[in-house]
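**Student:** I'd like to ask some things about the structure below.
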Amino acid sequence: MTELFQFMSKQKKTTRKASAKRKSTPKQPAATSNIESMMHEDRVFAPDKEFSKHAHIKSMTQYKKLYKQSIESPEKFWSDQAKEELVWFKPWKKTLQWKAPDAKWFVGGQLNVSHNCLDRWLESDIANRAAIIWEGEPDSLTRPGEERTLTYRQLHREVCRFANILKRHGIKKRDRIIIYMPMTPEAAIAMLACARVGAIHSVVFGGFSSQSIADRISDCGAKMVITADGGYRRGSIVPLKKNVDDALLIKGEDGELLAKSVEKVIVHRRANIDIHIEPNRDFWWHRELEYVDANCPAAKLDSEHPLFILYTSGSTGKPKGILHTTAGYLLGAKMTSKYIFDLKPEDVYWCTADVGWVTGHSYMVYGPLANGSTVVMYEGAPNYPEPDRFWSIVEKYSVSILYTAPTAIRAFMKWGEKWPKKHDLSSLRLLGTVGEPINPEAWIWYHEVIGGKRCPIVDTWWQTETGGIMIAPLPGATPTKPGSATLPFFGIKPELVDDSGEAVKKGEGGKLVVRQPWPSMLRGIWGDKKRFKEVYWSEVPGSYFTGDGCRQDKDGYFWIVGRIDDVLNVAGHRIGTAEVESALVSDHRVAESAVVGRPDDLKGQAIVVFVTLKEGVKASEKLKIELRNHVGKEIGPVAKPDDIRFAEALPKTRSGKIMRRLLKQIAAGKEIQGDTTTLEDLSVLTRLSASEE
Ligand code: WT7
């Protein structure tokens, strides 16, 4: 989601030594016995009559009827939808081939995602409508940001030209391409061009480090990197190309370059800064355009052709490359965009997510463009140069639909009403949130201050793995309750189960699972079938396990409580505790570490780290800063710990498991008084709780 926190960092060449440590073993799955929602919220907001009258889905009766059909005859439902919504080169033979955990949708069919997002509109009124309205980060209060608008026709042309550049550099179907870009239209162009030729893109968030880039290249064997010289962020320049250069020099444990598969790097000129160009490897995007034309027919791809890999954190130190394919993903992204945001041709839709996250894939690029909508894209931060950035953009472009994250909303609340009040927000007609549970207070603020009490709020629950939104209100139909993502989308069958996999009683908490396959579901973890099965399909055999705890109220509404595994949600970013732990132990001074979350008013969760040091290493404030920066360098500034505590020993059970529950309590408690660098003696706690196993 919108990155609220500075992600600039200096990154140097590193030799990789901790990769073995990173492959830590999965931790214990958490028990469900203590899942309960803290929210006792009983306000209900019925949809506005006028809104419902014009909405795609107008009533609960209509929703319930369609939902019932979608669950009882899923293949018929999805097959009708796929015919209606997508443009096919060749029809499919079989709607679903399902043998858990492997799903194949629309088997035998052929289509192209970029054709469905672009070409299909060229013969219609939509051709000359804005596809992307882009606003760059302003240089200062007095110098506004750049503006660029690309119509569907223009976007199509740019995608075709860039796709020809890919071909010119030897890119073939199924080749993997890393995209490490700032929030400029070129990021979307690069993604769509990959889709056009059948290459598999893997977007890496611009706030991630060289190490993270190198790890991802190594995991997927990428042949090419698409990047920019630099990106603007809060008045400074993020040295993207430099980070890529560094990534290409990082060696793994075996002494080999992690990124040895990379043959070419294409560089978009954005920041106009001096960069290194390696002959025969690095090429300027704008120069390459001189060699190509705009004629590039979309490749005819199978329904299950891989579209992208997106890395996300899990409970081991190694991020998972979540794989999505063509037809099912696009159908999910398109339909959820249409019905949940109630997208109409006249809307100006703005999703504030970065392309580096799945939200930026499904709800900034693929979903809205497949609907022929107008998308706003903004390069910078919400509070630069001043905290009214978002509201001035809403006013300037008459944004009608805004999709952002609870963590951003809480920051806006903190900055104060005066910033949104400076602007005319009357163009807004619908608001959305995603990424983490929204606290009712933030929901009400969003509703009143931003939405002027007239805009429905869609709280959308989903994951990188699900490809599209799974649980959310339909704004013209579903009465909303602040803090609840409400009810499942068509064709989605979520259920709450206990530790034995049995459905829980109404009102009780449980693990959230999905009982039936759906078109936009992940098709696997890149290169790791075993982990795919273990993580998602073995907790409750035959069902997809989300990793979230949840409660259902008397009306069947879902209230997501949060992750029940060792994954934190910091400002809407998923961060694996094991990843941070292995980054810490890769510093030669650290003996052992344990990472836990602490509730945080702004970010949802903050990262608290307990560290034991090697013999002879002294705890100090300086070391704390160094370790923070080390984590920033290893993973990216998003993962920098908020609090580092040194300990003599970590509290462990007799069998050697770190007592995280205990550490969580300590982390949530008051700061240790006095000199914070002294070592905390947690071994006492171990003795006290030794009976806890
Ligand atoms: C995890 C997925 C999906 C795009 C952004 C994050 C949490 C997401 C909600 C919501 C409560 C939510 C869950 C989920 N989450 N949306 N509306 N209410 N929790 O994608 O990085 O794959 O993270 O984010 O814990 O499992 P992600």
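The values are calculated or read from the model by the stated rules, or taken from the named source; none is laboratory data. Please read all numbers here as calculations on a predicted model, not as lab measurements. Virtual Cβ from ideal backbone geometry, glycine too; neighbours counted across all protein chains shown. Areas reflect the complete protein model, heavy atoms only, side chains present, ligands, DNA and RNA absent. Shrake-Rupley method; radii C 1.70, N 1.55, O 1.52, S 1.80 Å.
**Student:** Using the Karplus curve 6.51 cos²θ - 1.76 cosθ + 1.60 with θ = phi - 60°, work out ³J(HN,Hα) for each residue of region 61-71 in order, rounded to whole Hz, and write x for Gly and Pro.
**Tutor:** 4, 5, 4, 4, 5, 5, 4, 4, 4, 5, 8
**Student:** Given Cβ point charges of +1 (Lys, Arg) and -1 (Asp, Glu) and nothing else, what value in debye, to the nearest 20, does the dipole of the chain about its Cα centre take? Walk me through the numbers before you get to the answer.
**Tutor:** Values: 100 positive and 87 negative charges, 273 e Å.
Dipole magnitude for the chain comes out near 1300 debye.
**Student:** To continue, here is another question. Translational diffusion coefficient, Stokes-Einstein: compute it for region 361-487 using the Kirkwood radius over C-alpha pairs as Rh, at 10 °C and 1.306 mPa s, and state it as an integer in µm² s⁻¹.
**Tutor:** Values: Rh = 15.1 Å.
Reported coefficient: 105 µm²/s.
**Student:** Something else about it: Provide the net charge surrounding P138, with neighbours chosen by a C-beta distance below 13 Å and charges set as Lys +1, Arg +1, Asp -1, Glu -1. Present the calculation step by step, with values, prior to reporting the outcome.
**Tutor:** Numbers: positive: R143, R233, R234, R389, K396; negative: E135, E137, D139, E146, E147, E379, E386, D388.
Result for the neighbourhood of P138: -3.
**Student:** Suppose each label sits 7 Å from its Cα in the direction of the beta carbon; what would the W415-R43 distance come out to in nanometres?
**Tutor:** Rounded to a tenth, the inter-label distance reads 2.3 nm.
**Student:** Which whole-Hz couplings ³J(HN,Hα) result when phi for each residue of region 227-239 is put into the Karplus expression 6.51 cos²θ - 1.76 cosθ + 1.60, θ = phi - 60°, listed in order with x for Gly and Pro?
**Tutor:** 9, 10, 4, x, x, 7, 8, 6, x, 10, 10, 7, x
**Student:** A further question on this structure: Within region 146-238, report the trypsin sites (Lys or Arg not before Pro) that DSSP leaves as loop and that have at most 14 other Cβ atoms within 10 Å. Before the final figure, lay out the partial values.
**Tutor:** Numbers: sites: R148, R153, R157, R161, K167, R168, K172, K173, R174, R176, R196, R216, K223, R233, R234; in loops: K172, K173, R174, K223, R234.
Here the sparse-neighbourhood loop sites are K172, K173, R174.
**Student:** Here's something else I'd like to know. Among DSSP bridges having both ends in the chain, what percentage is antiparallel? Round to the nearest 5. Walk me through the numbers before you get to the answer.
**Tutor:** Numbers: 60 of 102 bridges.
Taking every DSSP beta bridge with both residues in the chain, the antiparallel ones total about 60 percent.
**Student:** Same structure, new question: If we sort 45-58, 101-114 on the protection proxy, mean other Cβ atoms within 10 Å, highest first, what's the order? Spell out each step's value before the answer.
**Tutor:** Working: 45-58: 15.7, 101-114: 22.1.
Most protected by this proxy first, the peptides run 101-114, 45-58.
**Student:** Given R₀ = 30 Å, FRET efficiency for I237-D293 by Cβ-Cβ distance, to 0.05?
**Tutor:** Given R0 = 30 Å and the Cβ-Cβ separation, E is 0.35.
**Student:** With every protein chain left in place, what is the accessible area per residue of region 371-527 in square angstrom, probe 1.4 Å?
**Tutor:** On the way: 4230 Å² over 157 residues.
Accessible area per residue, region 371-527: 27 Å².
**Student:** Something else now. Over 24 Å between Cα atoms, which of K481/K603; K94/K334; K64/K99; K241/K264 qualify? Let's see the in-between values first.
**Tutor:** Working: K481/K603 22 Å; K94/K334 21 Å; K64/K99 28 Å; K241/K264 13 Å.
Violating the 24 Å Cα-Cα cut-off are K64/K99.
**Student:** A further question on this structure: Work out from phi, with θ = phi - 60° and the Karplus expression 6.51 cos²θ - 1.76 cosθ + 1.60, the ³J(HN,Hα) of each residue of region 274-280, listed in order in whole Hz, and give x for Gly and Pro.
**Tutor:** Ordered by residue, 3J(HN,Hα) equals 6, 9, 7, 10, 7, x, 6 Hz.
**Student:** Over region 268-384, calculate the relative contact order: mean separation of alpha carbon pairs under 8 Å at least 6 apart, over the residue count, as a percent.
**Tutor:** Numbers: 115 pairs, mean separation 20.2, N = 117.
Across region 268-384, relative contact order equals 17 percent.
**Student:** Give the carbon-plus-sulfur fraction of the accessible surface of the chain in %, rounded to a whole number; probe 1.4 Å, heavy atoms of protein chains only.
**Tutor:** Numbers: 13280 of 26510 Å².
Carbon plus sulfur share of accessible area: 50 percent.
**Student:** For K241, what is the net charge nearby, where nearby means another residue's Cβ is under 9 Å from its Cβ and Lys, Arg count +1, Asp, Glu -1? Mind dumping the intermediate values first?
**Tutor:** Working: positive: K242; negative: D229, D245, D282.
So the environment of K241 carries a net charge of -2.
**Student:** How many angstrom separate the Cα center of region 576-638 from the Cα center of region 137-208?
**Tutor:** 34
**Student:** Give the residue from I266, P91, V159 lying farthest towards the positive end of the charge dipole for the chain; charges sit on Cβ (+1 for Lys and Arg, -1 for Asp and Glu) and the dipole is referred to the Cα centre.
**Tutor:** Most positive-ward Cα: P91.
**Student:** Within the set of other residues whose C-beta is less than 12 Å from the C-beta of P517, count the net charge using Lys and Arg as +1 and Asp and Glu as -1.
**Tutor:** Net charge in that neighbourhood comes out at +3.
**Student:** Could you tell me how far the Cα centroid of region 106-136 sits from the Cα centroid of region 237-287, in Å?
**Tutor:** If you average the Cα positions of each part, the centres end up 31 Å apart.
**Student:** Turning to a different aspect of this structure: Distance cut-off 26 Å, Cα to Cα: go down the list K173/K242; K421/K453; K68/K506; K104/K554 and report the pairs above it.
**Tutor:** Pairs exceeding 26 Å: K173/K242; K104/K554.
**Student:** Right, something else. Please report the relative contact order for region 130-267, taking Cα pairs under 8 Å with a sequence separation of at least 6, and give it as a percent rounded to a whole number.
**Tutor:** On the way: 234 pairs, mean separation 29.8, N = 138.
So the answer I get is 22 percent.
**Student:** Taking amide H positions as placed 1.01 Å from N in the peptide plane, with prolines and chain starts having none, which residues 5 or more places from K318, or on another chain, fall under 5 Å of its amide H?
**Tutor:** Hits under the 5 Å cutoff: S24.
**Student:** Two decimals is fine: what's Rg over Rh for the chain, C-alpha atoms, Kirkwood radius as Rh?
**Tutor:** When Rh is taken as the Kirkwood radius, the ratio is 0.95.
**Student:** Still on this structure, I have one more. With a ≥ b ≥ c the root eigenvalues of the C-alpha gyration tensor of region 401-458, is it rounded (a/c under 1.5), prolate (a/b larger than b/c) or oblate?
**Tutor:** Working: a/c = 1.75, a/b = 1.16, b/c = 1.51.
Taking the square roots of the gyration eigenvalues as a ≥ b ≥ c, region 401-458 is oblate.
**Student:** Here is a further query. With equal scatterers on the alpha carbons only and no solvent term, can you work out the Debye log10 of I(q)/I(0) for region 229-306 at 0.14, 0.18, 0.23 1/Å?
**Tutor:** Each listed q maps to, in turn, -0.69, -0.92, -1.05.
**Student:** Per residue Cα convex hull volume for region 372-411, in cubic angstrom? Spell out each step's value before the answer.
**Tutor:** On the way: hull volume 3.3 nm³, N = 40.
Enclosed volume per residue, from the Cα hull, is 82 Å³.
**Student:** Suppose R0 equals 25 Å. What FRET efficiency, 1/(1 + (r/R0)^6) with r the Cβ-Cβ distance, do E621 and D601 give to the nearest 0.05? Display every interim value, and only then the final one.
**Tutor:** Values: r = 25 Å, r/R0 = 0.99.
It comes out at approximately 0.50.
**Student:** Long-range amide H contacts for G380: which residues qualify at under 5 Å (H placed 1.01 Å from N, peptide plane, sequence gap of 5 or more or a different chain)?
**Tutor:** For G380, whose amide H was placed from the backbone, the distant partners under 5 Å are E137.
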